[in-house]
Amino acid sequence: MYKDLQIPRDVYNTEEHEMVRQTIQEFYKKEIAPNREAWEKQGYCSREVWKAAGELGLLNLSLSEKYGGGGLDFSFSALLIEESARLGVVSPAISMHSDIVAVYIENYGTEYLKEKYLPKMATGDLIGSLAMTEPGTGSDLRAITTNAVDKGDYWLLNGSKTFITIGYTSDFSIVACKTRPGTPQEGVSLLLVDANLEGFKKGQPFHKLGLKESDTCELFFEDIKVPKENLIGQEGKGFIHMMEELPRERLTIAIQAIGAIHGALDETIEYVQTREAFKQPIAGFQNTQFKLAEVGAQLQIHQAFVDRCVHLLAEHKLTAETASIAKYSTTDLETTAIDTCLQLFGGYGFMWEYPIARRYANARVTRIYGGTNEIMKVLISRKLLKKYFIQLKEKIKAKRAKATA
């Protein structure tokens, strides 16, 4: 319905894109919709759905065919994210698995790790998660305390993580930890940690406001012996690697927000034309018309910007600041737009069986995960005030030098 307002898009516009779109829609109807309520109650989705996604070729779409991936450009992954969000699909968390975890392995892993993990990730036989956040750190990745000590033949890992997406169902996790604890340069590194290693424990899935069928949990590491070959990227360069990949993660969140708004708008347009009040459809009231116009216009504007970001990522030109703009602005819009749509449903919008209620609950976390929107604004402002921050850094450096002289 909303597509009647849209200008032609220069992404997702080939026959191949349309084939992927139809595959996603069939996947939703057959594998997701019938199981959604059961997954919400247990707090996670079944492993069978991951296998089904793998069989349809929906996992690792933009990764190399050499390792079982689709060999397609990022626009296909973006289409999967957007279309899934439009349909209201929360789990399985394909984007986390395919566009974040698998990308870390392909971009920074050794040939051994690529061959061992990526093909099975593409089939759904292995599920991967990313463990960055800790109970006391939130968005401050430099403050993590999880550490791994070099023991010669292995890394000895200790610590814990929280709010880990698909942590409960995953078979392994890429863990951010400090490998030089107690030194001035503690060194953040990334280790691939198999869940079956002794000392690896998982908490029960959290009971969340939204995203109920997508598990989120705590992970605990107690004297885990992680093989030396499971290091992702360079030792001590993990923070740099994360900063290099965060723009992609933040863009996936923006794409997800665009899809969710689109889906909410479609559902609301249909509802207001059939629901009556004061002897006429709700669509007949000017307030309804204006509210839908506002949401539709803002969605069109943000969609155009996000589409441009998709191209930039494909060209390896997406900057951290641009991704931050996309993430913060679209997720802010998502929460306000879906709230506007829910209001037009009246009391029915507060009922869980109505998709708009689920969308409302699911939208709130998007302003938090992937780096809070406040952090996004910090990154943007640093770019805008680059000269000021350089001068401030030089003043602090000079003051410290004078104090130690």
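Data table
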| read-out | value |
| --- | --- |
| Residue, farthest from Gln289 (Cα to Cα), within region 357-384, restricted to residues that are touching a residue at least 60 places away in the same chain (Cβ under 8 Å), assigned to a helix (DSSP H, G or I) and touching a Ser or Thr at 6+ places or on another chain (Cβ under 7 Å) | Ile375 |
| Single residue of region 273-307 satisfying the filter (among the acidic types (Asp, Glu) and in a helix (DSSP H, G or I)) that is nearest to Thr252 (Cα to Cα) | Asp307 |
| Flag for Ala323 being in contact (Cβ under 8 Å) with a residue 12 or more places away in the chain and either under 27 Å from Tyr360 (Cα atoms) or aliphatic (A, V, I, L, M) (or both) | yes |
| Test: Ala283 is buried (at least 24 other Cβ atoms within 10 Å of the Cβ) and not β-branched (Val, Ile, Thr) | no |
| Residue in region 140-149 that is touching a helix residue (DSSP H, G or I) at 6+ places or on another chain (Cβ under 8 Å), crowded, with 18+ Cβ neighbours inside 10 Å, within 24 Å of Glu26 (Cα to Cα) and of a type in the set (A, V, I, L, M, F, W, C) present | no |
| Odd one out for Gln256, checked against (1) crowded, with 22+ Cβ neighbours inside 10 Å; (2) farther than 30 Å from Gln289 by Cα | (2) |
| Residue in region 160-176 that is under 30 Å from Asn373 (Cβ atoms), under 21 Å from the mean Cα position of the chain (by Cα), assigned to a loop (DSSP other than H, G, I, E, B) and among the charged types (D, E, K, R) present | no |
| Selection status of Glu40, of a type in the set (Asp, Glu) and over 21 Å from the mean Cα position of the chain (by Cα) | no |
| Long-range neighbours under 7 Å by Cβ, at least six apart or interchain, first residue at pLDDT below 80 within region 126-151, second surrounded by fewer than 15 Cβ atoms within 10 Å (Cβ to Cβ) and of a type in the set (A, V, I, L, M) | Thr137/Ala143 |
| Residues of region 59-78 satisfying the condition of being in contact with a Leu (Cβ under 6 Å, 6 or more places away or on another chain) and assigned to a helix (DSSP H, G or I) | Tyr67, Phe74, Phe76, Ser77 |
| Within region 93-144, considering residues that are under 17 Å from the mean Cα position of the chain (by Cα) and β-branched (Val, Ile, Thr), the one farthest from Glu55 (Cα to Cα) | Thr133 |
| So Lys291, is it without any contact (Cβ under 8 Å) to a residue 60 or more places away in the chain, more than 30 Å from His316 (Cβ to Cβ) and touching a Cys at 6+ places or on another chain (Cβ under 9 Å) | yes |
| Matching residues, region 182-204, being surrounded by 12 or more Cβ atoms within 10 Å (Cβ to Cβ), out of contact with any helix residue (DSSP H, G or I) (no Cβ under 6 Å at 6 or more places or on another chain) and modelled with pLDDT of 95 or more | Val193, Asp194, Ala195, Leu197, Gly199, Phe200, Lys201, Lys202, Gly203 |
| Condition met for Tyr112 (out of contact with any Lys or Arg (no Cβ under 9 Å at 6 or more places or on another chain), buried (at least 18 other Cβ atoms within 10 Å of the Cβ) and over 30 Å from Lys377 (Cα atoms)) | no |
| Among (1) among the hydroxyl-bearing types (Ser, Thr, Tyr); (2) within 15 Å of Leu219 (Cβ to Cβ); (3) in contact (Cβ under 8 Å) with a residue 60 or more places away in the chain - the single one Ser95 does not satisfy | (2) |
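Residue-wise test of (1) part of a loop (DSSP other than H, G, I, E, B); (2) in contact with a Leu (Cβ under 9 Å, 6 or more places away or on another chain); (3) of a type outside the set (A, V, I, L, M); (4) touching a residue at least 40 places away in the same chain (Cβ under 8 Å).
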{"residue": "Leu80", "(1), (2), (3), (4)": "no, yes, no, yes"}
{"residue": "Glu83", "(1), (2), (3), (4)": "no, no, yes, yes"}
{"residue": "Arg86", "(1), (2), (3), (4)": "no, no, yes, yes"}
{"residue": "Val89", "(1), (2), (3), (4)": "yes, no, no, yes"}
{"residue": "Val101", "(1), (2), (3), (4)": "no, yes, no, yes"}
{"residue": "Tyr104", "(1), (2), (3), (4)": "no, yes, yes, yes"}
{"residue": "Tyr112", "(1), (2), (3), (4)": "no, no, yes, yes"}
{"residue": "Tyr117", "(1), (2), (3), (4)": "no, yes, yes, yes"}
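The values are calculated or read from the model by the stated rules, or taken from the named source; none is laboratory data. Fair warning: this is a prediction, and the values are worked out from it, not measured in the lab. Positions of Cβ are generated from backbone atoms using ideal geometry, with glycine treated the same way; all protein chains shown enter the neighbour counts.
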